[in-house]
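Just below is one structure, and these are the notes that go with it.
The values are calculated or read from the model by the stated rules, or taken from the named source; none is laboratory data. Because the structure is a prediction, the values reported are computed rather than measured. Cβ atoms come from the backbone with ideal geometry, glycine included; neighbour counts cover every protein chain shown. Side chains are part of the model used for accessible areas, which takes the heavy atoms of the whole protein and leaves out ligands, DNA and RNA. Shrake-Rupley method; radii C 1.70, N 1.55, O 1.52, S 1.80 Å.
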Amino acid sequence: MSRFCLTVIYLLFSFTVLFAQEFYQNRKLVKVWETPEGLNVPESAFYYKKEKVIYVSNIAGMHNVKDTLGFISKLNDKGEFIEKEWVRGLDAPKGIGISKRKLYVTNIDEVVEVDLKTAQILKRYKNPKVVAVNDVAVDAKGNVYVTDTKTNCLFRIGKDSLEVFKQAEEINKVNGGCVYNKQLLFGSNGRLAALDLKTKTIKILADSTGYLDGIVAVGKNKIVTSDWKGKMQLIEIGKNIETLLNTTPLEIYTADLGYIPKQKLLLVPTFYNNKVVAYKLND
């Protein structure tokens, strides 16, 4: 065989290896469904067990511009539309949480409270320290916590305003948040951190995680995270981090994750790809 042929074979093999490393889907993930056309820059997918409904925030316009183009979609647990624009007139809505029959969604520099029954906006919560609120997490008592990507604060919904719940240097560029085991989990400086909701102490659960967008608990000491650019990881506390999905080379992003526990379905908003994709997570 000629040297030229050997070179071509080597280059093809190298490209194949590189391709396999970049485009990756773990065997633990099985794609179940994806939404039809109609979403517009979906950022967050939140599953509400009591209604068996998925709420999806749609930025629609720019992520940091008050243009009233944003809306919230309402889907069933098969990814089919119940109402495409259930709530309209929002400004780049992102993280969603539900407490006491009220839906809370971040809205650039405020959090908007929506009545689940009427879809009417009831309140807007603000704080002078807020710059770019992003995600919402709710604890067992119904307390609503809010992250901010531009400050070193974690906030909590008060009676009429956003209150600073914790301010610290360890809270840095926080995007996703999740309440698990009486702790608020969040990503900071490429690590998964946990804030004890009683003592407000912070500890590091995992290093070298990358920038974390979505964070959901999927089992005892098992956390799935997304890094927005297209990578999803399974983090078992005290064990190695396992990559579940990497669509970065396809420019298919993985934004703020949702989860349907009974079906073991991860809900992945793909941002500019305008879909929510559901994957079953197998053991």
The long-range amide H neighbours of ALA193, using H built 1.01 Å from N in the peptide plane and a cut-off of under 5 Å, are PHE186, GLY187, SER188, LEU205
Two-site label geometry, LYS141 and VAL164: point separation in nm, points 7 Å out along Cα→Cβ:
2.1
For the table LYS52/LYS141; LYS166/LYS280; LYS84/LYS123; LYS28/LYS229; LYS126/LYS198, the rows whose alpha-carbon distance is greater than 30 Å are LYS166/LYS280
J(HN,Hα) series, segment 122-131, from Karplus relation 6.51 cos²θ - 1.76 cosθ + 1.60, nearest Hz, glycine and proline x
9, 8, 10, 10, 10, 7, x, 7, 5, 10
How do the peptides 63-69, 206-212 rank, highest first, by the average count of neighbouring beta carbon atoms within 10 Å per residue?
206-212, 63-69
Does segment 133-177 come out rounded, prolate or oblate, given a ≥ b ≥ c as the square roots of the eigenvalues of its C-alpha gyration tensor, rounded meaning a/c under 1.5 and, failing that, prolate meaning a/b above b/c?
prolate
Looking only at aspartates and glutamates whose Cα falls under 18 Å of LYS74's and that sit 8 or more positions away or on another chain, we get GLU34, GLU37, GLU43, GLU51, GLU83, GLU85, ASP91, GLU113, ASP115, ASP256
Check ALA132: other-chain or 5+ apart residues with amide H under 5 Å from its amide H, H built from backbone geometry?
THR149, LYS150, THR151
May I ask you to give the percent of accessible area on segment 136-283 that is carbon plus sulfur, with a probe radius of 1.4 Å?
44
Taking a probe of 1.4 Å, how large is the accessible area per residue of segment 152-215, in Å²?
47
Which percent of Cα pairs goes in each bin when the distances of the chain are cut into 10 angstrom slices starting at zero?
7, 30, 35, 19, 5, 3, 1, 0
Between helix 3-22 and the chain: long-axis angle, C-alpha atoms, 0 to 90°, nearest 10
20
Let me know the longest stretch in the chain that avoids all GluC sites (Glu not before Pro) found in a DSSP loop with at most 11 other C-beta atoms within 10 Å.
170-283
